[in-house]
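Worksheet for the structure shown next.
The values are calculated or read from the model by the stated rules, or taken from the named source; none is laboratory data. Since we're looking at a predicted model, the values are computed, not measured. No Cβ is skipped: glycine too gets one built from the backbone with ideal geometry, and neighbour counts run over all protein chains shown. Accessible surface areas use protein heavy atoms only, side chains included; no ligands, DNA or RNA. Shrake-Rupley method; radii C 1.70, N 1.55, O 1.52, S 1.80 Å.
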Protein chains: 2
Amino acid sequence: MPNLIPATDLSAFVSRCLTACGMPEGDAAKVATLMTRADLMGQDGHGVFRLPMYVRRILAGGMNLTPSFALLQDRPASALVDGDNGMGHLVMQHATELAMEKARKTGVAWVGARQSNHAGPASLYAMLPAQENMIGLYLAVGSANHMPPWGGTDLLLSTNPIAVAVPALQFPPIVLDMATTVAAYGKVKTAAQRGEPMPEGWMIDRDGKPLTDPARAAEGFLLPIGGAKGYGLSLIFGILAGVLNGAAFGRDVVDFNADAETVTNTGQAILVLDIAAFTDPARFRADIDDVWRQMKSSERMTGVDEIRLPGERLHRVMAKRTADGIPLPGALQERLATLATELGVAPL
Amino acid sequence: MPNLIPATDLSAFVSRCLTACGMPEGDAAKVATLMTRADLMGQDGHGVFRLPMYVRRILAGGMNLTPSFALLQDRPASALVDGDNGMGHLVMQHATELAMEKARKTGVAWVGARQSNHAGPASLYAMLPAQENMIGLYLAVGSANHMPPWGGTDLLLSTNPIAVAVPALQFPPIVLDMATTVAAYGKVKTAAQRGEPMPEGWMIDRDGKPLTDPARAAEGFLLPIGGAKGYGLSLIFGILAGVLNGAAFGRDVVDFNADAETVTNTGQAILVLDIAAFTDPARFRADIDDVWRQMKSSERMTGVDEIRLPGERLHRVMAKRTADGIPLPGALQERLATLATELGVAPL
């Protein structure tokens, strides 16, 4: 039975650890808030689970604790941010706020980032505009290659995710957050952490046979959704979030799980649409309520209890974890306790 | 053995038919060029194959032959176009040109359309910006619902496609053009036209069993790619191309195959990124050449002859058909001959 940790405690702990590494307090608090939000949303593979890896990379000199963001390109509706190898959370919160500011004036804005790092779950950033009558769409180059091009065996592609958040009125925002692979690699890592086998269909080995032991993940490939289509989406999102920004893609992607020192030059991008540039936001949000109602009230196939909208589980988990606390598996708690000892900070 | 029709002959024939229906000559020529280009690209379900349906709808008064496009919303990087129930090809060529003009100034632009109609294959419009150092991304609400929400049985969603075109330098553009369903409904219609069975995995019936007879398509559902993920993509693309524009979505979508008279209020959207707003276009295009090379030179799985990039088949087919002519199956030629007789125009 995992312990339930209040979000404020978890956030304070993350902040302590990052500060102990030398990160300025304000930045540490921002990262801790976003990382804890990932856990609140149920994105277990992208929240505090990643803290030991982040710390390892920081201590190895692989991430810049005091980055200075540069605006390499700047047009009314677009920008290219150089994250100066800072934490991805800081880079992408900055990029998203910039895109929102631009979109308010121009209707739509796109901000790309290079020299960023792993930034947690894609939905974190897509959801920020949704709080202000805007639609957010986030793309990223995954932080390690686990997929070949369709038909190939060279690991040239990652899970390159997309997240889109669309605000409703009485219902919560619709939040799509998906890897272009059947499973995100974070899920593979969570399965490994828990010692649980993976379902068939997540990965194959080099002979094309199903691979279900997460401990053998390095021997195989993630499978794209829809075969060649998911390969195409991964490739295109990687181009838009990576190549266009001068960030790493293909052979240049650094496996940040295996290597703590090499600068990753991670690329991400955020698109923001200001709803008011298309229609009355209240009217639109009521229309999205209607989308909720139409989908939820569809007749169901035999054996299906409920039809869900993208993000529905996220909101339920967030409500529950905000009230009850965040469940941390025993193995993860032990890793965090060890980390606290190593950094000389108070444990959780 | 299908006859090979030169593109200029096919285009002239389409133009004759549309003009005979009462469409102004300039517009008929524009639509004929785009429809023929769809056939040149190998998009057999979205080119001249659709002409009889378009004509039926025009003659039934379901489409406006002399539309007047209105700019309902206009910001520096965004716009909402009312297509006045004109041919989708005209509406989306207009919207795409507008988005390109805006993106040149602002870096990025997004133009949505309402009161549009079926516009042919998604890649037609995504590829226009790619000719001018820009990236095009097109989304559309499909012209008939063939998919329920995941777990449901009410037909509330369509194949809602995405197309993205990215220019290279020595290589042709990378062109992703995909339905969010395993198969586009156009492919189902082509299979029905040809009297060929569909592979398992394209459709299921109401009991969840594979449906392979295209003549029974109306009894079943298209399957989304990646299960719930494809459902999510279809829903989100439908919101961005439909709901945001005040176009039809969900229960409001008119099945334009079954109904020739009701105004469809089709919604589409085009996003254009000006590469120069991010990096030097020549440098970027050389980087995309490198993406081609990396993917093509990957080691291959046993039994795989070649690794392809999205759009590679499209460019090969286009080169071949431009040189040799467009192959039209006998059944389609007969339909077009009948159409010519009905409209009193010279046959192909």
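Tallying residues that are touching a residue at least 60 places away in the same chain (Cβ under 8 Å) and open to solvent by 10 Å² or more (accessible area, probe 1.4 Å) within region A:236-247 yields 2. Taking the criterion of being within 12 Å of another protein chain (Cβ to nearest Cβ) and within 19 Å of A:G107 (Cα to Cα), the residues of region A:134-167 that qualify are A:M134, A:I135, A:G136, A:L137, A:V164, A:A165, A:V166, A:P167.
Among the residues of region A:298-321, those identified as out of contact with any Asp or Glu (no Cβ under 7 Å at 6 or more places or on another chain), at the interface with chain B (Cβ under 8 Å from one of its Cβ atoms) and more than 30 Å from A:L10 (Cα to Cα) are A:R300, A:M301, A:T302, A:V304, A:E306, A:I307.
Here is a check on your reading of the model: is A:M92 at pLDDT 95 or above and surrounded by fewer than 24 Cβ atoms within 10 Å (Cβ to Cβ)? Here the answer is no, as A:M92 does not meet what is asked. Of the residues making up region B:309-324, those that are within 23 Å of B:D290 (Cβ to Cβ) and either surrounded by 17 or more Cβ atoms within 10 Å (Cβ to Cβ) or in contact (Cβ under 8 Å) with a residue 24 or more places away in the chain (or both) are B:L309, B:P310, B:G311, B:E312, B:R313, B:L314, B:H315. Considering region B:217-233, the residues that are at the interface with chain A (Cβ under 10 Å from one of its Cβ atoms) and assigned to a helix (DSSP H, G or I) include one that is surrounded by the fewest Cβ atoms within 10 Å (Cβ to Cβ), namely B:A228. Open to solvent by 10 Å² or more (accessible area, probe 1.4 Å), part of a loop (DSSP other than H, G, I, E, B) and closer than 24 Å to B:L139 by Cβ: is that true of A:L137 in this structure? When the stated conditions are applied, A:L137 does not pass them. Annotation note: of B:T36, B:T8, the sole residue that is in contact with a helix residue (DSSP H, G or I) (Cβ under 8 Å, 6 or more places away or on another chain), in the same structural domain as B:T341 (by TED's automatic domain parsing) and either open to solvent by 10 Å² or more (accessible area, probe 1.4 Å) or not basic (K, R) (or both) is B:T36. Residues in region B:243-297 that are more than 9 Å from chain A (Cβ to nearest Cβ) and acidic (D, E): B:D252, B:D255, B:D259, B:E261, B:D280, B:D289. Total residues in region B:119-129 satisfying the condition of being surrounded by 24 or more Cβ atoms within 10 Å (Cβ to Cβ) and out of contact with any Phe, Trp or Tyr (no Cβ under 6 Å at 6 or more places or on another chain): the figure is 7.
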